[in-house]
Amino acid sequence: ETGVTQSPTHLIKTRGQQVTLRCSSQSGHNTVSWYQQALGQGPQFIFQYYREEENGRGNFPPRFSGLQFPNYSSELNVNALELDDSALYLCASSLEGLAGKGTDTQYFGPGTRLTVL
Amino acid sequence: AQSVTQPDIHITVSEGASLELRCNYSYGATPYLFWYVQSPGQGLQLLLKYFSGDTLVQGIKGFEAEFKRSQSSFNLRKPSVHWSDAAEYFCAVGPRGNEKLTFGTGTRLTIIP
């Protein structure tokens, strides 16, 4: 069973640039959630994707957007980067099943460390 | 709105001593509660979870947690800590296990010989 993987591991960008982060969900999982973890803070929910549609969003501006692909992998895109976007970005996968027969836990990847200069 | 409070930012414990990390939550319905652990530069690993049933739940690495509805608490305990337990610990609450989780700010655990 393959766990959640994320790429790249580290990334350095400058203010105003755009960035794409990638996530491969755990085998058999169809739902991907993205979280932002600023230094010294707990993770903050950005959004979730299920069946290639956004399925819930946290308090993040529209310049944070995402995609989910038919193989359930996902991308997080951030436009017009700001210094405060520097953080660890975590992807988590889970299974949304019929009649509640999905997983009851989200499994996290190792994260992508984004630094905005 | 759901929220989680972890009152202790940093705790130092001697190796072999017992440990209790505090977590208080605010949630309008029956919550799903989780404890995750994060080692430096790593992602989050699930220690244990509570949805319903027995209010004392067992997790991995010898950890346990007790759900107390009257106190809105879900404290994490371990009878005897090991040096490898040094990490950041996060409590989280959600409407379901695979939906939006709200995390606390974490408690950093330091183990001294």
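The values are calculated or read from the model by the stated rules, or taken from the named source; none is laboratory data. Because the structure is predicted, anything quoted here is derived from the model rather than measured. Here Cβ is always computed from backbone atoms with ideal geometry, including for glycine, and neighbour counts include all displayed protein chains. These accessible areas exclude ligands, DNA and RNA; they are computed on the full protein's heavy atoms, side chains included. Shrake-Rupley method; radii C 1.70, N 1.55, O 1.52, S 1.80 Å.
Translational diffusion coefficient of the protein assembly as shown (Stokes-Einstein, Kirkwood radius from Cα pairs, 20 °C, 1.002 mPa s): 118 µm²/s.
For chain B, with all protein chains in place and a probe radius of 1.4 Å, 49% of the accessible heavy-atom surface sits on carbon or sulfur. Using the 1.4 Å probe convention, the accessible area of chain B works out to 47 Å² per residue with neighbouring protein chains retained. A simple spin-label model places pseudo-atoms 7 Å from Cα toward Cβ; at residue B:3 and residue A:83 they are separated by 2.8 nm.
Here, chain B has an Rg and a Dmax of 13.3, 42 Å when only alpha carbons are counted. Contact residues in the range B:85-113 (at least 10 Å² less accessible area with all protein chains than alone, 1.4 Å probe): B:90, B:96, B:97, B:98, B:99, B:100, B:101, B:103, B:105.
Comparing A:20, A:105, A:31 in a Gaussian network model of chain A where C-alpha atoms under 10 Å apart are linked, the largest mean-square fluctuation is found at A:105. Cross-link reach is defined here as a Cα-Cα straight distance under 12 Å, omitting same-chain residues fewer than 8 places apart; for residue B:68 the aspartates and glutamates meeting it are B:54.
Which value, in square angstrom to the nearest 100, describes the accessible area buried between chains A and B on both sides, using a 1.4 angstrom probe?
The A and B chains share an interface burying roughly 1600 Å².
Couplings 3J(HN,Hα) of the range B:87-94, computed from phi: 4, 9, 10, 10, 9, 9, 10, x Hz, in residue order, whole Hz [Karplus 6.51 cos²θ - 1.76 cosθ + 1.60, θ = phi - 60°; x for Gly and Pro].
Interface burial in the range A:18-66 reaches 20 Å² or more for A:35, A:37, A:41, A:42, A:43, A:45, A:48, comparing the full protein assembly with the chain by itself; accessible area from heavy atoms with a 1.4 Å probe.
Rounded to the nearest 5, what % of DSSP beta bridges with both residues in chain B are antiparallel? Let's see the in-between values first.
Working: 32 of 37 bridges.
Around 85 percent of the beta bridges assigned by DSSP in chain B are antiparallel ones.
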